[in-house]
Amino acid sequence: MPLPRAPPDCLPHQALEVRRKVKGDHDPSTLISLNNLGLLLSELGRYNEAMPLLEDALEARRDAQGPNHPETLTAMNNFGALLKAMGRYEDALPLYAEALETRRAVLGDTHPDTLASINNLASLLQSLGKHRLAETLLEEVRPRLRSECDLSAIWVRSECDLSAI
């Protein structure tokens, strides 16, 4: 099934279209462009335009690289983040939970992507009013982040999230 066409009003759209023509819909570089355009539209608050792009990026990654590939997990996280931004917390929950579970199994508990997934899930749990679960996750990640100096951005975000509980 061909992937949907992106809105033609931005440079990332042009990059995506060139990659589709040159490399095809399921080439990894095309999927990067698809994902990046979806993220851009999401950041601009154009959620309805971003949704099919990020959803298709996730499905194409699953098909091309499998469910455990780090890029598939990133696409899963990105689609979950879009759903969270749209206020669709219950829909985002299984995506964030699966991304975390798989990252733990594939990358390990101390990998930066796993730590980011812990933080993302905790933030979502806060949005759902599940403060105890969120606190448990953030307390789990706090000592690891303190020992990883290159993860300062996640640490600052985790500190902010924890203080909101």
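Coordinate-derived values only; no laboratory data. Just so it is clear, the structure is predicted and the values come from calculations on it, not from any experiment. Methodologically, a virtual Cβ is constructed for each residue, glycine included, from the backbone with ideal geometry; neighbour enumeration extends over all protein chains shown.
For the reader, a short list of remarks on this structure follows.
- Sequence ranges 111-121, 60-70, 95-105, ranked by mean other-Cβ count within 10 angstrom, highest first: 111-121, 95-105, 60-70
- Gained length - residue 105 relative to residue 140, 0.36 nm times residue gap less alpha-carbon distance: 11.0 nm
- Fully extending the segment from residue 64 to residue 23 would add 13.4 nm, taking 0.36 nm per residue of separation and subtracting the current Cα-Cα distance.
- Alpha-carbon geometry of segment 8-118: the Rg and the Dmax are 13.9, 41 Å, given in that order.
- Estimated dipole of segment 1-76 in Debye, rounded to 20 [Cβ of Lys and Arg +1, of Asp and Glu -1, Cα centre]: 180
- Cross-link reach is defined here as a Cα-Cα straight distance under 18 Å, omitting same-chain residues fewer than 8 places apart; for residue 84 the lysines meeting it are 130.
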